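Novice: So that we are looking at the same thing, I have put the structure below in structure tokens.
The values are calculated or read from the model by the stated rules, or taken from the named source; none is laboratory data. The structure presented is a predicted model; accordingly, all values stated were derived computationally and were not measured. A quick note on method: Cβ atoms are made from the backbone with ideal geometry, for glycine too, and the neighbour counts reach across all protein chains shown. Protein only, heavy atoms only, side chains kept; ligands, DNA and RNA dropped before computing areas. Shrake-Rupley method; radii C 1.70, N 1.55, O 1.52, S 1.80 Å.
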Amino acid sequence: MSKGSVFIISGPSGSGKDTLLGELFKKYPEILFSISSVTRNMREGEKEGEKYNFITREKFESMIKEDKLLEYNLYVDNYYGTPREPVEKAVSENKDIFIEVDVNGAKSIREKLPEAISIFVMPPSFEELKRRLSSRGTETEEVVNLRMAAALGEIKRAQEYDYIVVNDDLSTAVEDIIAIMKGSKFSLKKQNYIINEVLKNVKS
Ligand code: ADP
Ligand code: 5GP
């Protein structure tokens, strides 16, 4: 039986992570998604408990104190965090789960779950990123500028990822993610255990 994987997905705001994951989950509804806790306001069109649980800063801080988060980070003045329990459950049940986090969150998860496969969603250009972020119409101009400043630092850290997917043509990028999911099952990260298993009864 193939083992489940934790997939970390990051990329600058506006690169198309949610759009890509939406298409992926339509094709593969059995794949799990880690719902983050967040202190930012709900955007138009967002629903509680779909991508985020929208909570107060006080509640977020108590989750930190109670060690309920696998990782968390402050991004453009708001806390974002990955609740520990659903990820641990997916791992113990051998299921595939996607965790969407920023570059700092990705680093923390890699340290805790070294088998996790990480994917960076890259926009085709910086100009196109700004166009997508502005045309999405969910942020004020000031927040768009703050997010573009964060994007610069994030793109520079794309080298920390196992895979980079350029989201130019949407359906091609979805197929690229599916190819990564399939291919990564055979990576050394996922298959290392098999070496000892095959050799366990061999006397050297
Ligand atoms: P993120 O989740 O990374 O912040 P979104 O999925 O919200 O990004 O996408 C940002 C905007 O770009 C949305 O308006 C979305 O419809 C658009 N978009 C996403 N992927 C593409 C693509 N391949 N080509 C053109 N526009 C895209
Ligand atoms: P947005 O406000 O656009 O939904 O997300 C802003 C940034 O926060 C994105 O880079 C997104 O990947 C990141 N993010 C979303 N959830 C989490 C989380 O649980 N932890 C961390 N560290 N970052 C997150």
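Novice: Please work out the FRET efficiency for the pair ASN192 and ARG131, using the Cβ-Cβ distance as r and a Förster radius of 45 Å; give the result to the nearest 0.05.
Specialist: Working from the Cβ atoms, E equals 0.60.
Novice: How large, in Å, is the range 1-72 by the Kirkwood hydrodynamic radius built from its alpha-carbon pairs? Display every interim value, and only then the final one.
Specialist: Details: mean 1/r = 0.0697 Å⁻¹.
Result for the range 1-72, one decimal place: 14.4 Å.
Novice: Using the Karplus curve 6.51 cos²θ - 1.76 cosθ + 1.60 with θ = phi - 60°, what ³J(HN,Hα) values do you get for each residue of the range 137-146, in whole Hz, with x for Gly and Pro?
Specialist: Values, residue by residue: x, 9, 10, 6, 4, 5, 5, 4, 5, 5 Hz.
Novice: For the chain, set up a Gaussian network in which alpha carbons nearer than 10 Å are linked by springs, and say which option among LEU188, LEU32, LEU113 fluctuates the most.
Specialist: Comparing LEU188, LEU32, LEU113 in the GNM, the peak value goes to LEU188.
Novice: Further question: So in the chain, what percent of DSSP beta bridges are antiparallel if you round to the nearest 5?
Specialist: Antiparallel: roughly 30 percent of the beta bridges in the chain.
Novice: In a GNM of the chain with a 10 Å cut-off on Cα contacts, which of SER108, SER37, SER135 has the highest mean-square fluctuation?
Specialist: SER135
Novice: Using 0.36 nm per residue, how much length does the chain from THR56 to TYR28 gain when fully extended, once their Cα-Cα distance is taken away?
Specialist: That pair, THR56 and TYR28, stretches by 6.8 nm at full extension.
Novice: Separate question: Could you give each residue of the range 22-33 its phi-based ³J(HN,Hα) in whole Hz, using Karplus coefficients 6.51, -1.76, 1.60 with θ = phi - 60°, and x for Gly or Pro?
Specialist: Each residue of the range 22-33 in turn: x, 5, 4, 6, 5, 6, 10, x, 6, 6, 8, 10 Hz.
Novice: Calculate, for the range 59-204, the solvent-accessible area per residue in square angstrom, rolling a 1.4 angstrom probe over the heavy atoms of the protein chains.
Specialist: Ligands and nucleic acids excluded, the figure is 58 Å² per residue.
Novice: Quick one, what does Rg over Rh come out to for the chain if you take C-alpha atoms and the Kirkwood Rh? Walk me through the numbers before you get to the answer.
Specialist: Working: Rg = 17.9 Å, Rh = 18.0 Å.
Answer for the chain: 0.99.
Novice: What's the carbon and sulfur percent of the range 45-204's accessible surface, probe 1.4 angstrom, rounded to a whole number? Don't jump to the answer; show the numbers that get you there.
Specialist: Details: 5120 of 9470 Å².
Carbon-and-sulfur percentage of accessible area, whole number: 54.
Novice: For the range 89-128, list residues with backbone N below 18 Å from a point placed 7 Å from the Cα of GLU66 toward its Cβ?
Specialist: Of the residues in the range 89-128, 89 have backbone N under 18 Å from the label point off GLU66.
Novice: Still on this structure, I have one more. What is the gain in length, in nm to one decimal, between LEU152 and THR19 on full extension, counting 0.36 nm per residue of separation less the C-alpha to C-alpha distance?
Specialist: Contour length minus Cα-Cα distance gives 45.8 nm.
Novice: Once each part is reduced to its C-alpha centroid, what is the distance from the range 44-98 to the range 103-178 in angstrom?
Specialist: Taking the Cα centre of the range 103-178 as reference, the centre of the range 44-98 is 19 Å away.
Novice: Cross-link partners among lysines for LYS68, C-alpha distance below 28 Å, same-chain residues fewer than 8 apart left out?
Specialist: LYS3, LYS17, LYS47, LYS51, LYS59, LYS89, LYS95, LYS107, LYS112, LYS189, LYS190
Novice: Right, another one. Å³ per residue of the Cα convex hull, for the range 85-204?
Specialist: 149 Å³
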